[in-house]
Amino acid sequence: WEAKMTINPITIDDAISKKFRSMLMVLDDPNAKLWMDGKSYSIVRDDNNNHNDLTIGIYGKQLQAPVDGGRRLQVATCERSIKVNREAALNAIRSGCIACPADEVESQMQRLLEQVERTKPLLFVHDDSSICG
């Protein structure tokens with residue numbers, strides 16, 4: 001389980017692309033141990049290494065509006081672009097802006113939707129207007 005104030009596409013992408021993969025790697029490692037209160041515990045595994053019952057839980061106070069979630073995804077796509085593409089980073093420095101083609105954002109959104117469909121994370125949103133405005 002993870003707790004967030006606001007659940008947005010980046011929250012879901014992070015949980016699926018990073019945390020879920022990490023959990024699977026731990027479950028697939030026969031030598032993995034859980035350490036708690038100074039004691040080592042073996043991790044109980046399914047004999048078939050079947051992780052279909054692994055569920056990611058994300059709790060949030062609110063679900064980000066789709067238009068804002070789309071903008072946040074666009075920003076994240078642009079950030080990734082300048083991290084991995086030297087020419088994009090240099091162009092951003094020269095021009096003062098980051099070019100982020102719509103097709104990159106669309107492909108990122110499509111990838112995220114496919115991951116959500118495969119993983120089926122559990123989202124729980126508690127809408128408390130007095131807290132979230």
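The values are calculated or read from the model by the stated rules, or taken from the named source; none is laboratory data. Only a predicted model underlies this, so the values are computations on that prediction, with no experimental measurement involved. Here Cβ is always computed from backbone atoms with ideal geometry, including for glycine, and neighbour counts include all displayed protein chains. What goes into the accessible areas is simple: the full protein's heavy atoms, side chains included, and nothing from ligands, DNA or RNA. Shrake-Rupley method; radii C 1.70, N 1.55, O 1.52, S 1.80 Å.
Values for this structure:
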item: Virtual spin-label span in nm between Arg21 and Ile93, 7 Å along Cα→Cβ; result: 2.8 nm
item: Pairwise label distance in nanometres, Asn85 with Ile10, each label 7 Å out on the Cα-Cβ vector; result: 1.9 nm
item: Heavy-atom accessible area order for Tyr59, Tyr41, largest first, 1.4 Å probe; result: Tyr41, Tyr59
